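Working notes, structure below.
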Amino acid sequence: MLPSAVCAHAIVVESVPVHDAWLETSPPRILLRFNTKIEHGLCRVRLEGPDGDIETPLDPPEAPERLQARVPPLGPGTYLVRYRTFSPD
């Protein structure tokens, strides 16, 4: 038998806002869609902003491969989306 490749990570295939987006107003939500099913109870999304971390509560799952988080109104500045996922592969 020959070894085969194994992919053990959920990969983002779509995001809203898109990667490196410049926005005039804060988005109401962050959406991340992955290439595989994820375990929603073990996932997190957070924003890092000019004044520190910002709470982004997750919405109930609409699909097994999507995470959606609510975003409070944001002031001007640069924000970074951080996420943690767990996929059952």
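All of (1) out of contact with any strand residue (DSSP E or B) (no Cβ under 7 Å at 6 or more places or on another chain); (2) within 15 Å of Arg84 (Cβ to Cβ) hold for Ala69 with one exception: (1).
Among the residues of the stretch 32-65, what is the count of those that are under 21 Å from Pro88 (Cβ atoms) and of a type outside the set (Val, Ile, Thr)? Summing the residues that are under 21 Å from Pro88 (Cβ atoms) and of a type outside the set (Val, Ile, Thr) in the stretch 32-65 gives 19.
Counting only residues that are aliphatic (A, V, I, L, M), touching a Phe, Trp or Tyr at 6+ places or on another chain (Cβ under 8 Å) and open to solvent by less than 40 Å² (accessible area, probe 1.4 Å), which one in the stretch 11-53 is nearest to Arg84 (Cα to Cα)?
At the first step, the residues of the stretch 11-53 found to be aliphatic (A, V, I, L, M) are 11-13, 16, 18, 21, 23, 30-32, 38, 42, 45, 47.
Then drop every residue that is not touching a Phe, Trp or Tyr at 6+ places or on another chain (Cβ under 8 Å), which leaves 11-13, 32, 38, 42, 45, 47.
With the extra rule that they be open to solvent by less than 40 Å² (accessible area, probe 1.4 Å), the set shrinks to 32, 38, 45, 47.
Numbers: Leu32: 11, Ile38: 10, Val45: 7, Leu47: 12 Å.
The residue in question is Val45.
The residues of the stretch 67-85 that are surrounded by 13 or more Cβ atoms within 10 Å (Cβ to Cβ) and more than 11 Å from Val45 (Cβ to Cβ), listed by number, are Leu74, Tyr79. Here is the figure for the stretch 54-66: residues that are open to solvent by 90 Å² or more (accessible area, probe 1.4 Å) and charged (D, E, K, R) total 2.
The values are calculated or read from the model by the stated rules, or taken from the named source; none is laboratory data. As the structure is a computational prediction, the values presented were derived from the model and not from experiment. Ideal geometry is used to build each Cβ from the backbone, glycine not excepted, and the neighbour counts take in all protein chains shown. What goes into the accessible areas is simple: the full protein's heavy atoms, side chains included, and nothing from ligands, DNA or RNA. Shrake-Rupley method; radii C 1.70, N 1.55, O 1.52, S 1.80 Å.
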